[in-house]
Every structure is written in C-alpha cells, then in structure tokens.
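The values are calculated or read from the model by the stated rules, or taken from the named source; none is laboratory data. Given the structure is predicted, the values throughout are model-derived calculations rather than measurements. We place every Cβ from the backbone using ideal geometry, glycine too, and count neighbours over all the protein chains shown.
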Amino acid sequence: MDMELKDIADDVYACLQPDKGLGWSNSGFINRGGGLVVDTFWDLPRTRRMMELYGRVWKRPAARVANTHHNGDHCWGNQLFEGAEIIGHRLCAAAFGKESPELMQQIRDGVIADPSLADFAAALRQYDFSGIRLTPPTTLIEERLDLDLDGLRAELIYVGPAHTIGDVIVHLPEQRVVFAGDVLFRLCTPIGWEGTFANWCAALDRIIALDPQVVVPGHGPLCGVEGPREMKAYLEYVRGEAERSFHGGATEVEAAKRIDLGPYAGWNEPERLIFNVARAYRELRGEPIDAPVDVLAMVGGMRELQRHWGGESRVGSRES
Ligand SMILES: [Zn+2]
C-alpha cells in the first residue's frame, strides 16, 4: 500500500496517496488538542494503514474526525476511530447513504455482471469494501465551526455545493494550511457531483483568498495557491467550450471530443472531461444543482473519449 506521512507544519501532517486513479485520496492530521483527522480512506485496510502512519506521531488515536464531504474515499474508514467525534456539514451527513459499500463490493466482485461496468470493477479491485459501517458526522456544521486545538486554531468552513452538496475545507490560519478535500484535485481531472461551476470557482477563490502556503488537495500532490488557480482555469475553460457546443447543438460526447485540453491533457484521467461537459450541459438546461448524474453514460463517454484520443484504457489499468 503506497502511502506517505508528510510533516507539513508544526504538529500538522498529511497522509498522501499517489494519485493512481479512482479513490486514491489524501488525509490530514493535526496533532493537538486530542487530535483532529481530516478525512479517512475508502476502505478499512487503507484507513488502518493511515492510522499506523499517524500512530508514529500521536499518543492515541485522534479524538475528532472531520469529513470534507460524503464520497466514500473520504469517510468510509470513520468507524475505525472508535468513540471519536465525527464532524461534517449537515448536508454531508444527510448524503451519507447515497453510496453503498455493499454495492461497491458487488461491482468489484463481478456479482453485478454488466459489461459496461468492467473497467469500473477492475479499478475497484484494489479496494476491499467488506466490513464497512457507514459512520456519518454527528457534529454538524452549518456555515462554519472553529476549533481550538490546545491553542491551535482550526476553521472548518462550508464552501459547497461545489464538488458535492456538503463541501467543507479546513483552514489553519497560523500555519497557513488548507485541507481542501475534493474542492481541489491537483494534476488530476476533477469530477463534480452536486453544485455549479460558479460555486466551485467561488470555493477555489476562497481558498486562494486565505493565502495558504500549503494546500492539501483531495487527490494529487501537495501544492500552493497555484493548485486552486489552475483548477479554476480548467473549470472556466471547459465550461466555456461546452457552452459553445451546447448552443451549436452538439451532444455531450461530441462537445468533449472537440475540446483541446492543451496543458490539461497531462493531468491524470483526462477522459473525466465528459463529467465536466455533462455538468455544464445540466446547468445550461437549467437543471437543479443536485440533478442525478448518469454514471453509466459517463463511463461509456469516458471510453469513447479514450478511443477518440487513441489511448489505451486508463481506468482500471493501474495496479496498487
Ligand atoms: Zn475523492
């Protein structure tokens, strides 16, 4: 299991996973005031490994866990922090049941034998979703929650809906650190669920305005403010290109094929572009921010883009 404990400021750490595709997320830890972990991992084995790494610096497991949002790769390990206070946005907690570990395990094991899910199933095979009990936040944030961790100030700020309905970032003003969750994907292509492009860009602007020295993205390597700046530029560019194609009557896949990704072609999983084009189309059709995403159609769209670009399938081709 490829995982690294990184010392990023006094008493502040990140547990980083290299971005090898679906679900390779990051976590943070503040070793003060009983300990605050920012996000757990997608399955129990990975979260146990994370706890081993944090265990090098903590005396006992953290008393608090904050979830940046409800996607499983940020919270399905919560239960391993027995007795901890779990903190998240009210809408993050409400969305917890939207994704099911049992269903993921079935797809992984091929119990649901749908050929269109083959790539997805292959990507899931490096995870083990057995034994997961969804453990949602019970301390709920509305706009903001400030914690005093033995003199270290941590601000939990609601910036959603950007990537999901309940996005929270964790800001440490004195250390100039932001744990961005999936509001920031670094050097990998973002996927959004609930929210709008405008809200997502506003959330990235809020991170930039905090003037952090270190930003811990939900996926990808550590960065400074160039991370949110570049991702905002990507979102604005894709939104603009998609809008032109939309008014020209192109389908979502046609629109995505027309986009010249330029510098963004080097980001991991460029084919996720289809998710972003589809999100722009949903907005342009005037659909609500939480309109359902047709994931199967997106999987098909990704495959078509890969074929169009002449590359090999990236989804599921990676090994842990
Ligand atoms: Zn994620």
From the residues in the range 140-149 that are of a type outside the set (A, V, I, L, M) and free of Cβ contacts under 8 Å to residues at least 60 places away in the same chain, which one is nearest to Pro101 (Cα to Cα)? Glu142
Only one of Arg60, Arg56, Arg46, Arg32 is surrounded by 24 or more Cβ atoms within 10 Å (Cβ to Cβ) and over 15 Å from Ile169 (Cα atoms), namely Arg46
Show the residue pairs that are 6+ apart or on different chains and have beta-carbon atoms under 6 Å apart, the first residue being within the range 68-83 and in contact (Cβ under 8 Å) with a residue 24 or more places away in the chain, the second being of a type in the set (D, E, K, R) and away from the ligand (no atom under 13 Å from the Cβ). Gln79/Arg133
Suppose the filter is among the hydrophobic types (A, V, I, L, M, F, W, C) and more than 16 Å from the ligand (Cβ to nearest atom); does Ala203 pass it? no
List every residue pair whose Cβ atoms lie under 9 Å apart, where the two residues are 6 or more positions apart in sequence or sit on different chains, the first residue falls within the range 239-256 and is over 17 Å from Thr189 (Cα atoms) and touching a residue at least 12 places away in the same chain (Cβ under 8 Å), and the second residue, located anywhere, is hydroxyl-bearing (Ser, Thr, Tyr) and outside any helix (DSSP H, G or I). Ser245/Thr251
Quick check: is even one residue across the range 267-279 farther than 14 Å from Gly192 by Cα, at pLDDT 90 or above and of a type in the set (A, V, I, L, M, F, W, C)? yes
Does at least one position in the range 234-251 carry a residue that is on the phi < 0 side of the Ramachandran plot, among the aromatic types (Phe, Trp, Tyr) and in contact with a Cys (Cβ under 8 Å, 6 or more places away or on another chain)? no
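Does any residue of the range 280-293 turn out to be touching a Ser or Thr at 6+ places or on another chain (Cβ under 7 Å) and closer than 22 Å to Gly220 by Cα?
Applying the first criterion (touching a Ser or Thr at 6+ places or on another chain (Cβ under 7 Å)) to the range 280-293 yields 283, 289.
The next check asks that each one be closer than 22 Å to Gly220 by Cα; those that pass are none.
No, every residue in the range 280-293 fails to be touching a Ser or Thr at 6+ places or on another chain (Cβ under 7 Å) and closer than 22 Å to Gly220 by Cα.
In the set Arg206, Arg229, which member is surrounded by fewer than 21 Cβ atoms within 10 Å (Cβ to Cβ), under 23 Å from Thr139 (Cβ atoms) and among the charged types (D, E, K, R)? Give the steps one after another, and end with the answer.
Working: Arg229 fails: under 23 Å from Thr139 (Cβ atoms).
Being surrounded by fewer than 21 Cβ atoms within 10 Å (Cβ to Cβ), under 23 Å from Thr139 (Cβ atoms) and among the charged types (D, E, K, R) holds for just one of Arg206, Arg229, which is Arg206.
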Test for Val293: is it in contact with a Phe, Trp or Tyr (Cβ under 9 Å, 6 or more places away or on another chain), touching a residue at least 24 places away in the same chain (Cβ under 8 Å) and surrounded by fewer than 17 Cβ atoms within 10 Å (Cβ to Cβ): yes
Could you count how many residues in the range 21-59 are in contact with a strand residue (DSSP E or B) (Cβ under 8 Å, 6 or more places away or on another chain) and either among the β-branched types (Val, Ile, Thr) or not in a strand (DSSP E or B) (or both)? 21
Listed by first then second residue, the pairs whose first member lies in the range 207-229 and is in contact (Cβ under 8 Å) with a residue 12 or more places away in the chain, whose partner is of a type in the set (Ser, Thr, Tyr) and within 16 Å of the ligand (Cβ to nearest atom), with beta carbons under 7 Å and at least 6 positions apart or on separate chains, are Gly218/Ser25; Gly218/Thr68; His219/Ser25
When the residues of the range 69-108 are filtered to those that are assigned to a loop (DSSP other than H, G, I, E, B) and surrounded by fewer than 19 Cβ atoms within 10 Å (Cβ to Cβ), which remaining residue is nearest to the ligand (Cβ to nearest atom)? Glu99
Give the residues of the range 1-29 that are surrounded by fewer than 17 Cβ atoms within 10 Å (Cβ to Cβ), within 16 Å of the ligand (Cβ to nearest atom) and closer than 21 Å to Leu149 by Cα, sorted by residue number. none
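Quick grid of which residues meet (1) within 30 Å of Gly266 (Cβ to Cβ); (2) hydrophobic (A, V, I, L, M, F, W, C):
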residue	(1), (2)
Asp10	no, no
Arg48	no, no
Asn78	no, no
Glu85	no, no
Ala95	no, yes
Glu99	yes, no
Glu102	no, no
Run down Ala113, Ala121 and say which single residue is over 18 Å from Val183 (Cβ atoms), assigned to a helix (DSSP H, G or I) and away from the ligand (no atom under 14 Å from the Cβ). Ala121
